[in-house]
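The values are calculated or read from the model by the stated rules, or taken from the named source; none is laboratory data. Just so we're clear, the structure is a prediction, and the values are computed from it rather than from any experiment. With ideal geometry, Cβ positions are generated from the backbone for all residues, glycine too; neighbour counts draw on all protein chains shown. Ligands, DNA and RNA are stripped out before the accessible areas are found, and what is left, the full protein with its side chains, is counted by its heavy atoms. Shrake-Rupley method; radii C 1.70, N 1.55, O 1.52, S 1.80 Å.
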Amino acid sequence: MAALPRTAAAPAAGPMPLREQFRSGKAELLAHFLGTRATALSATRLIRALTRHADATLCALWEHAALPPGAALVAVGGYGRAELFPYSDVDVLVLLPDEPQLDLGLAGEDVGARVEAFVHACWDTGIEIGSSVRSVAECAEQARADVTVQTALLEARLLCGSKRLFQALCDATAAVMDPLAFLRAKTLEMRQRHVKYEDTPYALEPNCKESPGGLRDLQVVIWVARAAGLGRSWADLAAKGLVTPFEAGRLQRHEGTLRLVRARLHATAGRREDRLVFDLQTAVAESIGCQATRTQRASEVLMHRYYWAAKAVTQLNQVLMLNIEERISGSEAAPMRPVSALFLDRGGMLEVAHDRVYAEHPNAVLETFLVYQRTPGIRGLSARTLRALYNARTQMDARWRHDPANRALFMDILRQPQGITHALRLMNQTSVLGRYLWVFRRIVGRMQHDLFHVYTVDQHILMVVRNMRRFFMPEHAHEYPFCSQLASQWDEPWILYVAALFHDVAKGRGGDHSELGALEVRRFCRDHGIGRDHTQLLEFLVRRHLTMTQVAQKQDLSDPDVIHAFARLVGTPRRLDALYLLTVADVRGTSPKVWNAWKAKLLEDLYRLTLRALGGAQPNLDAEIEARKHEARRLLALESAPAGCAEPLWQTLDVGYFARHDAADIAWHARALCGRIDTQEPVVRARLSSVGEGLQVLVYSPDMPDLFARICGYFDGAGFSIQDAKIHTSRSGWALDTFQVESLRLPDGEADAYADLAAAVERDAAVALASTGPLPEPSRGRVSRRVRSFPAPPQVALHPDERAQRWLLQVSASDRSGLLYAIARVLARHHINLHLAKISTLGERVEDSFLVDGPALDSPRLQLQIESELLDAVTPP
């Protein structure tokens, strides 16, 4: 590999020539770095060369500032440990004697002026310096009170000036250092940082410095080791027995990977940027040399590589921090309580009886997690156990996976009454889960660029297992009472845990992951002796885990044919219960923003309607409608509505209206339109939604071809997102449409503000609908960074419905404000009538379905034109 270019020695002519030399020298180093093969060694050489370049420039500026020899310039922080990334801050300490006017022979004002001139010269030169000016006594006082100052001084490095003064600083820092207190403070600080960065190394836009598994986790280990006098490098820790030579090599390897990613990220962004944001992932991937494959983008290859390094760093950080704590606190010799012949209880941590437990008893690997579940008081695994698992990877081979004893142990883990989620997560953190379920190993750290998943595949799967587990825990019954009710009647929860483990396990292979996953779960059942009935149920659940969501959100649940088709697919109430529970757990585990009360209601409605169909109930629409009318009359009477006020409206409506609305909505509509069904002015009424945040809006107006578009145009301009729409036209030619909307302008959690918005919607929407002018142009809403970085091509499909009476229009596109209005304008332009709209938003992707008709759809030529215009309308600007 070519050596990095040398930078010339800094001249003493002043800051102006230095500025050009510093900037050109840095640019030369970066150009050479970007022009050479991307390796960990190249990144290490770069950060050391940048450090030397900054050292030379600062020393020249120090000399030019004519600061007296009794002072010292000290590098601290990351610059102090000689790790200067392309756009890192350059942190320095100007160290002065405790009595500068005596020791330096200068007046205090003169010293201050020279220091200020030095700092200004640094900035003028282009060094983004972070500076502090202190005496040794001040440093010691601040270090005693602030662990951050202790950390910075721990890595102090003399650049130029008084060696005697610098040694006094080192002695003072050592004197105030309490290794155990420092370790506890840094551990707490690390936990807080992990929480801030989502507490996972698998964030989709991780901070390669601060996120769990980032460079900071490695630096924390070295800091606490240095504070305790245990060493300054991985080699030192190995010499002290804190890490094995193998672990030291792994630490160096993963540290090199993270350094390479951070250095390339800085160089690619041209600024200090430690987050692997979507906008930069592809460019960084190409810079590092990651190549796209048949099933993965180059950015996904990069992130997979990053996640593997971050996961290993997380594991090794945990081992080392526990090891160092035991060494400092002296708890290595603490008495331990035997748990079994192979395991001990070390103060609430599960410890192997000796270092060769797994080599001599390979089955003990899985037994570790079973004992963890079964033993009260065990909070986690000790450093010795974590290290033994880390070093037992070679034991976890194909023969180990096929061992019947291990298969029985794994099933025991899934059948335990508690600790399942924690055990599986711990198995994933220690890489045991992927070593046992080889199919799971393939999706560890795999990104999902589908605009609605916010976790990697393995994290999503374990989140779904957690959600499923919570349905069976009484303390969580208040979260989703209906799911908890169904789960309480389920006799074998482990079946649902297996379904959750396998539902997405075939992601990223190409092909239908549901079908491939069904094959994988069948193989699992065969290998683990699971009976035929359970195997068939698991295959069904994995193969159909997306079906219930698709039916609930895209099809007309008031259509008996839809319900009976879904009932035939499900087959039995037991399968329906299992599929419903898996669907809710899956959607909830996708993203915190995807699940809402509206989706919950759709799924629960589909469940209840299907259960009735499976019970043999024949659809009796007339009886159902009469029951809804009766309940609506009762509700109207409770609200003191005039007797018979609903009848004039109901006489104008057909069965489709009553089939699509429940009794509460029917009563609300009747009360709102009482005595107004013949008015020629649009009527708009709004109320707080009965299914989560937002508003329900009723629009009653003379029908016209562009009515739906005008309504959508109003909501677009007023900053509302339409979650659902029910469209109906009365026999008298009036439109009675209802919408479920949410404001895009209200912060999360401010549902009370919707009460104030309702009156504004009633007033402003009526004015907008009364307008007869041309439809306004839709706003070309801005798309998110994620959509820009990973665009999904829009799709439009138009085909006859099952009865060949109307047309089903399906649109899939990246979400943005104004999207539904853009679609509605195209429909209005071609005089297409809308009968039903199913609006489904999944994260940052929409999948909308419309039931439409109109003369234009009978012409193949016009069909193609309409589809083309729709594609243009939904394509992001």
- [ ] Evaluate the distance, in nm, between pseudo-label points positioned 7 Å from the Cα of Arg442 and of Leu688 along their respective Cα→Cβ axes.
- [x] 5.0
TODO: For an R0 of 56 angstrom, estimate the FRET efficiency from the Cβ-Cβ distance between Gln192 and Thr679 and round to the nearest 0.05.
DONE: 0.40
- [ ] Would you mind getting me the FRET efficiency between Arg184 and Asp236? Use the beta-carbon distance for r and R0 = 25 Å, nearest 0.05.
- [x] 0.70
- [ ] Would you kindly state how much longer the chain becomes between Gln485 and Arg425 on full extension, computed as 0.36 nm times their sequence separation minus their alpha carbon distance, in nm to one decimal?
- [x] 19.0 nm
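Between Asp703 and Ala753, what length in nm is gained on full extension when 0.36 nm per residue of separation is reduced by their alpha carbon distance?
Length gained, Asp703 through Ala753: 14.9 nm.
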Task: Reachable lysines from Lys629, criterion Cα separation under 30 angstrom, eight or more residues apart if same chain - done: Lys554, Lys599, Lys601, Lys726, Lys838
TODO: Send over a whole-number figure in Å² for the accessible area per residue of the chain, probe 1.4 Å.
DONE: 42
Open item on the list: Between 0 and 90 degrees, rounded to the nearest ten: what's the tilt of helix 364-374 against the longest Cα principal axis of the chain?
Closed with: 70
Task: Rg/Rh for region 112-201, where both radii come from Cα atoms and Rh is the Kirkwood radius - done: 1.07
Task: Calculated P(r) tail over 17 Å for region 356-470, as whole % of Cα pairs - done: 57
Open item on the list: Between Asp512 and Thr652, what is the label-point separation in nm under the 7 Å Cα-to-beta-carbon projection?
Closed with: 4.6
Task: For Glu867, solvent-accessible area (1.4 Å; no DNA, RNA or ligand), Å² - done: 40
Open item on the list: Heavy atoms of the protein only, probe of 1.4 Å, neighbouring chains included. What is the accessible area of Met427 in Å², nearest 10?
Closed with: 0
- [ ] Set the Förster radius R0 to 22 Å, insert the Cβ-Cβ distance between His361 and Ala398 as r into 1/(1 + (r/R0)^6), and round the FRET efficiency to 0.05.
- [x] 0.75
Open item on the list: If you roll a 1.4 angstrom probe over the protein chains with everything in place, what fraction of the accessible area of region 172-231 belongs to carbon and sulfur, to the nearest %?
Closed with: 52
Open item on the list: I'd like the accessible area for Tyr580: 1.4 Å probe, protein heavy atoms, all chains in place, Å² to the nearest 10.
Closed with: 10
- [ ] Work out how far the C-alpha atoms of region 462-572 reach from end to end along every principal axis, then list the three figures in whole Å, largest first.
- [x] 42, 37, 28
Open item on the list: Give the average over all directions of the projected area of the C-alpha convex hull of region 339-424, one decimal, in nm².
Closed with: 5.2
Task: Ordering of 562-574, 633-645 by burial proxy (mean other Cβ atoms within 10 Å per residue, highest first) - done: 562-574, 633-645
Task: Contact order normalised by residue count of region 246-334, Cα under 8 Å, 6+ apart, percent - done: 25
Task: Percent of Cα pairs exceeding the 21 Å cut-off, where the set is region 197-267 - done: 31
TODO: Report, in degrees rounded to the nearest 10, the 0 to 90 angle that the Cα long axis of helix 404-415 makes with the longest principal axis of the chain.
DONE: 70
Open item on the list: Probe radius 1.4 Å, ligands and nucleic acids ignored: give me the carbon and sulfur share of the accessible area of region 296-436 as a rounded percent.
Closed with: 52
TODO: Add +1 for every Lys or Arg and -1 for every Asp or Glu among the other residues with Cβ under 11 Å from the Cβ of Asn428, and state the total.
DONE: +3
Task: Counting all C-alpha pairs of region 150-260, share separated by more than 20 Å (%) - done: 52
Task: Translational diffusion coefficient (Stokes-Einstein; Kirkwood radius from C-alpha pairs) of the chain at 10 °C, 1.306 mPa s, in µm²/s - done: 50
Task: Acute angle (nearest 10 degrees) that the helix 136-145 long axis makes with the longest principal axis of the chain, alpha-carbon atoms - done: 40
Task: Accessible surface ranking that places the most exposed of Cys483, Cys170 first, with a 1.4 angstrom probe - done: Cys170, Cys483
Open item on the list: Between Ala283 and Arg164, what is the label-point separation in nm under the 7 Å Cα-to-beta-carbon projection?
Closed with: 5.2
Open item on the list: If I stretch the segment between Gln416 and Ala175 completely, what's the gain in nm (0.36 nm per residue apart, minus their alpha carbon distance), one decimal?
Closed with: 81.6 nm
Task: Percentage relative contact order, region 18-147, counting C-alpha pairs under 8 Å, at least six apart - done: 26
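Probe radius 1.4 Å, ligands and nucleic acids ignored: give me the carbon and sulfur share of the accessible area of region 825-867 as a rounded percent.
55
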- [ ] List the extent of the Cα atoms of region 390-546 along each of their three principal axes, largest first, rounded to whole Å.
- [x] 45, 38, 32
Task: Residue-averaged 222 nm ellipticity for the chain, from DSSP H runs of 4+ at -39500 (n - 2.57), nearest 500 - done: -17000 deg cm²/dmol
